[in-house]
Amino acid sequence: MVTKRFWGPEIEDRRGDQRLPADFYGVELVDGARYLRKITNVSGTGLQFENRLGGDRQGELVEFELPHRAGETPVRVMGEVVRVSKNGKVAVRIDSTLPVDPDRLGGSIDL
């Protein structure tokens, strides 16, 4: 028995890269302050993080430091919030000239 059906028109997926599941912390930089954010998925052109306290708005610009697994210096990326869900998931499109290599992200980061 089918319990879920999609009755609207087909919607093309606009993502440029495949998302990879992630489970590491990045640091959001806001006016000199540093906030730990749990990164839940990542691609070369975007990421999703959790912010259960809310406050993020679509169109807002964010800056992150993302750790490298190999112990290299963290990668700094700027992005635009493209979606905020009710359960605190925030999707960001990375506005970087160089795409991020998701396979090298993760690990520890200094606060």
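Inspect all residues belonging to the range 67-87 and state whether any of them is at pLDDT below 90, among the β-branched types (Val, Ile, Thr) and either farther than 24 Å from residue 107 by Cα or assigned to a loop (DSSP other than H, G, I, E, B) (or both). Yes - at least one qualifying residue is present in the range 67-87. Taken over the range 88-99, the criterion of being among the charged types (D, E, K, R) and at pLDDT 90 or above is satisfied by 89, 93.
The values are calculated or read from the model by the stated rules, or taken from the named source; none is laboratory data. The shown structure was predicted, so the numbers you read here are calculated from the model rather than taken from an experiment.
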